[in-house]
Amino acid sequence: MIYVAGHKSPDTDSICAAIAYAELKKKLGQDAVACRLGDINSETKFILGKWGVAIPELLENASGKQLIIVDHSETKQGPTGIENAEILEIIDHHRIGDLAPTDPSKFINKKLGATCTIIYNLYLENNQEPDKNVKALILSAILSDTWMFKSSTTANEDRAIAEKISQDLGLDMEKYAMDMFKSKTDFHEKTAEQIMKNDYKIYEFSKGKSYINAYELVAGADELVKRKDEILQEMEKMKTEYTTVMFVIVDIMGEKTHMFVLSEFENQIAQEYKIEFKDHYSELKGLVSRKKQIVPVLEKIMN
Ligand SMILES: [Mn+2]
């Protein structure tokens, strides 16, 4: 039996690539099974449920097994026991890691937006056509990994294959992508306190300590902004500890950023971004990066 596995804390591409490639192997007469190295995320759950595909089995230990690795090539992202497994093939689109298959010619690495794009091409090279549900998984993985072609990693091939599959399936691709992305928004179950701890960094400036929390959302940002009152209340509590508390929600599909600020430097911050805060909230055009566009501004004001 050949085990096809993606990486730890699996994303949609990792899971769908494992399933799609195991299916191709079976079509070619080999015994293969897709597996996962951890819990699947809510987006993947939505996709597998929608297309009636079973969640792959958890691979607890790969020791002594024959493995095909998809979507990475690093020991630390692989299963327990990988050092004692036989790696038959690696198919990936990330930088090359420390793993290699026994036969080096079985290492495929292409600069494409998703591993699933490579896998779709492998079906074609082998004169095979993916089943309808497998096609849907390939499409989903491409949309997920490229944020529906917005990511800079997107290649023309990703878009061409996604469009071809959408046509084959008679699917409204944009609508489907939005449904997919919304299934990934996990803030509905979170309290404001948990939201404020989502992805934060603390910076020590000479004029005080700053807390910057960033929430990147492919879709559904507007719904999070509606929880403004709760969020500001939570930020208010944090004000006892920090001079500046900032919360930014980056809306990837909407190509804008929502900014909440509680700070004695609020006016200077508004000036720097050429915006006006209303109830400590404002919207900015474009996707703002904490590292490139927020920290330097606060540094300038608070140092
Ligand atoms: Mn990927």
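Within the set of pairs 6+ apart or on separate chains, which have a first residue in the range 43-62 that is of a type in the set (Phe, Trp, Tyr), a second that is at pLDDT 95 or above, and C-beta atoms under 6 Å apart?
Every condition considered, the pairs that remain are Trp51/Asn133; Trp51/Ala136.
Among the residues of the range 69-123 satisfying the criterion of being closer than 12 Å to Gly6 by Cα and polar (S, T, N, Q), which is nearest to the chain's Cα centre (by Cα)?
Thr115
Anything in the range 220-237 that is in contact with a helix residue (DSSP H, G or I) (Cβ under 9 Å, 6 or more places away or on another chain) and closer than 12 Å to Phe187 by Cβ? List them, or say none.
Gly220, Glu223, Leu224, Val225, Arg227, Glu230, Ile231
Can Asn109 be described as in contact with a strand residue (DSSP E or B) (Cβ under 8 Å, 6 or more places away or on another chain) and at pLDDT 95 or above?
yes
Select from the range 133-164 the residues that are part of a helix (DSSP H, G or I), without any contact (Cβ under 8 Å) to a residue 40 or more places away in the chain and out of contact with any Gly (no Cβ under 7 Å at 6 or more places or on another chain) and list them in ascending order.
Listed by number, the residues that qualify are Lys135, Leu139, Leu143, Asn156, Arg159, Ala160, Ala162, Glu163, Lys164.
Is it the case, given these coordinates, that Ile142 is surrounded by 19 or more Cβ atoms within 10 Å (Cβ to Cβ) and assigned by TED's automatic domain parsing to the domain that holds Ile294?
Spelling it out, it is not the case that Ile142 is surrounded by 19 or more Cβ atoms within 10 Å (Cβ to Cβ) and assigned by TED's automatic domain parsing to the domain that holds Ile294.
Counting just the residues of the range 197-212 that are of a type in the set (A, V, I, L, M, F, W, C) and touching a Lys or Arg at 6+ places or on another chain (Cβ under 9 Å), which one comes out surrounded by the most Cβ atoms within 10 Å (Cβ to Cβ)?
Ile212
The values are calculated or read from the model by the stated rules, or taken from the named source; none is laboratory data. Please read all numbers here as calculations on a predicted model, not as lab measurements. Positions of Cβ are generated from backbone atoms using ideal geometry, with glycine treated the same way; all protein chains shown enter the neighbour counts.
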